[in-house]
């Protein structure tokens, strides 16, 4: 499969999910449903639903039969973004006003809650006798995401967070939905336990690599592509990968003082100091170290599926990995 064929197939599956999601949203002219529709119109790569559909195809079933499960996990993912933006008081998501800024927090919370219901409603329409197993996978993922988000919030109040603690938080908050996406595809294609395990390792490492890369892009991406203010994680006081890695490697007194000053701030870093901390991370080679860690996790992901029988969808999984590891927004 060449890049053009990959892009065509990817877009075909993506369009199938998009049409299914929007066809399922009732045409009610209320703030609640307008907010739901607006949230789902935000775009994005639709990585999670595509993982479900590509996995289904890779294991010998028809990807189109996974469209309800794929749509469900994408709706659930967007629900988490709505509530995440409220907790972070973020103004922008993918370059557009966040749902709670366009309406208000009450509507955004209700829309997010309702989206959870719609995710499970769509999942229940999957044409398989294993709906109960699919439901358990999605419910588990939702629990893990909430646990990860709580850790993320708790970290923001702590004066010390280790890299291993950060990775555990990412496994819950980010990897859990990636893992659920491929597990849905495994169930729909009746995969063996051995195959499920390999794809679970694959998705876990995608999630970790993806999140570390996202943390790097917070400093290195272009505003117009990234869709939010550069340095936003620092402004929000987050213990992102550059921060926790800098804490691990810093040895000079001035660098440690800067980091401790950031950790002691009650409500995040004033925007004018972002360049100074970006320079600190560059001085400590944090971005280079982070990039190597991203490469390592994407390598582990690719290696985990290297023994699966090759077909066009396995090729798509490998090409998806390559595209994610080279993204600049």
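Quick note: the coordinates plus some simple rules give every number you see, no bench work behind them. Just so it is clear, the structure is predicted and the values come from calculations on it, not from any experiment. Methodologically, a virtual Cβ is constructed for each residue, glycine included, from the backbone with ideal geometry; neighbour enumeration extends over all protein chains shown.
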Determine, for 146, 186, the number of other Cβ atoms within 10 Å of each Cβ, and report the residues in order from fewest to most.
146, 186
Computed from the beta carbon distance with a Förster radius of 51 Å, FRET efficiency for residue 276 and residue 23 to the nearest 0.05 stands at 0.55
Calculate the length of the line joining the C-alpha centroid of the stretch 140-217 to that of the stretch 283-329, in whole Å.
15 Å
Cβ-derived FRET efficiency at R0 51 Å, residue 154 paired with residue 15, nearest 0.05
0.80
How much length is gained if the chain between residue 8 and residue 260 is pulled fully straight, taking 0.36 nm per residue apart and subtracting their Cα-Cα distance, in nm to one decimal?
85.8 nm
Cα gyration tensor, the stretch 71-194 - rounded (a/c under 1.5), prolate or oblate
oblate
Decide, for the stretch 1-130, between rounded, prolate and oblate: order the square roots of the alpha carbon gyration tensor eigenvalues as a ≥ b ≥ c, take rounded if a/c falls under 1.5, and otherwise choose prolate if a/b is larger than b/c, else oblate.
prolate
In whole Å, largest first, what are the principal axis extents of the Cα atoms in the stretch 122-261?
61, 32, 24
Where is the GNM fluctuation largest for the chain (alpha-carbon springs, 10 angstrom cutoff): 76, 92, 177?
92
Between the modelled labels at residue 143 and residue 131 (7 Å from Cα along Cα→Cβ) the distance in nm is 2.2 nm
Rounded to the nearest 10 degrees, what's the angle between the helix 131-155 long axis and the longest principal axis of the chain, both from Cα atoms, 0 to 90?
10 degrees
